[in-house]
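The values are calculated or read from the model by the stated rules, or taken from the named source; none is laboratory data. The shown structure was predicted, so the numbers you read here are calculated from the model rather than taken from an experiment. Here Cβ is always computed from backbone atoms with ideal geometry, including for glycine, and neighbour counts include all displayed protein chains. What goes into the accessible areas is simple: the full protein's heavy atoms, side chains included, and nothing from ligands, DNA or RNA. Shrake-Rupley method; radii C 1.70, N 1.55, O 1.52, S 1.80 Å.
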Amino acid sequence: DDIVHALTGARGIARTRIAYVSRWQGHREVFIMDWDGHGQRPVTQDRALALSPSWSPEGSRLVYSSLRGSSWELYLLDLAGGRTTLLPTPSNMNTAPTWSPDGRSILFAMNQKSNIDLYIATLPDGQVRRVTEHPATETESAWAPDGRRIAFLSDRTGLPQIYVARSDGAEARRLTWEPDAYEGSPSWSPDGSRIAFVRRGFDGFDIYVSDLGGGSPVRLTENDSNENPCWSPDGLLLAFCRTRNQRSDIWVMGADGGQPRQLTTDGTSLLPRWSPRPPDDR
């Protein structure tokens, strides 16, 4: 990081980490590793199905969804102490959580009355309010870096597609207008100017990047199936899940799709989320 700063004036990412989900002792648990793939270790022992880890803005906690018992619940994990805390909601089906940029709330998908919409739970009181209200299924949300907008997945036009709206759910609009597109997994770039997402083609899913200033989305991957993109804090890299021969691992590539490199080799890893820089990182 010191070398990067001396040469470019930019802050490096050498002290960042990637959270992801992988199989351990017969269950899918949340793992973390260094940004370059070293130090892979589980940080949950739920002995259940854990999904969708998301970092708090200061990088000390994770929120994730876990199927403990017969309910999908949201849990907050303190990485220093290893303690998990239930985030109570009025539903037993809570998935795809993501932490707000200001750290004050969690945006997630909740099933209420057989319909899945987006909700916000404020911290620390856990008050829940509805964000979207539509007969369609709406999930896989992501905050813009400034906290004023969200991107999310909705099938309100028939197929799952990416929408962008204000953080209160108003003024929703489709990100792209590709006919019959099947899309998912939106992720905002750190500067808020681009959204990475996945689109299904004839040979599986691939990662695209859409410039919010205009222009057609740019395809970054081909071959195999590539999903769950997330940006590095400097906006120069994307971590993602690549599935090849029914084996899924975490990879990283340049934000232009160049120089892909494999980080995990266990064949069961997916859903990467890149951490913020440590608060004391200058």
To check you understand DSSP bridge types, tell me what percent of the beta bridges within the chain (both residues inside) are antiparallel, rounded to 5. 95 percent
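Any idea what the dipole of the chain comes to, in debye rounded to 20, about its Cα centre with Lys/Arg Cβ at +1 and Asp/Glu Cβ at -1?
Details: 31 positive and 35 negative charges, 97 e Å.
Roughly 460 debye for the chain.
How much of the accessible area of the range 115-159, probe 1.4 Å, is carbon plus sulfur, in whole percent?
Working: 1010 of 2140 Å².
Carbon-and-sulfur percentage of accessible area, whole number: 47.
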Relative compactness, the range 1-138, computed as alpha-carbon Rg over 2.2 N^0.38 Å: 1.17
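If we count every other residue with Cβ under 15 angstrom of L107's Cβ, Lys/Arg +1 and Asp/Glu -1, where does the sum land? Show your work: numbers first, answer last.
Details: positive: R104, R129, R130, R148, R149, R166, R273; negative: D102, D117, E133, E138, E140, D146, D168.
Once positives and negatives cancel, what remains is 0.
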Taking only the alpha carbons of the range 129-282, what extent do you get along each of the three principal axes, in Å, biggest first? 45, 41, 31
Excluding G59 itself, calculate the net charge of residues whose Cβ lies under 9 Å from the Cβ of G59, where each Lys or Arg counts +1 and each Asp or Glu counts -1. +2
Between the range 160-189 and the range 243-282, what is the separation of their alpha carbon centroids in Å? 23 Å
³J(HN,Hα) computed for each position of the range 175-185 - Karplus, 6.51 cos²θ - 1.76 cosθ + 1.60, integer Hz, glycine/proline x: 6, 10, 10, 5, x, 6, 6, 10, 10, x, 6
Let me check against my output: what whole-number percent is the relative contact order of the chain, with C-alpha pairs under 8 Å and at least 6 apart? 13 percent
The answer for the chain, accessible area per residue at 1.4 Å probe in Å², is 47 Å²
Can you tell me what share of the DSSP beta bridges in the range 11-83 is antiparallel? A percent to the nearest 5 is fine. 95 percent
Using only the Cα atoms of the chain, build the gyration tensor, take square roots of its eigenvalues as a ≥ b ≥ c, and label the shape rounded, prolate or oblate: rounded if a/c is under 1.5, else prolate if a/b is larger than b/c, else oblate. rounded
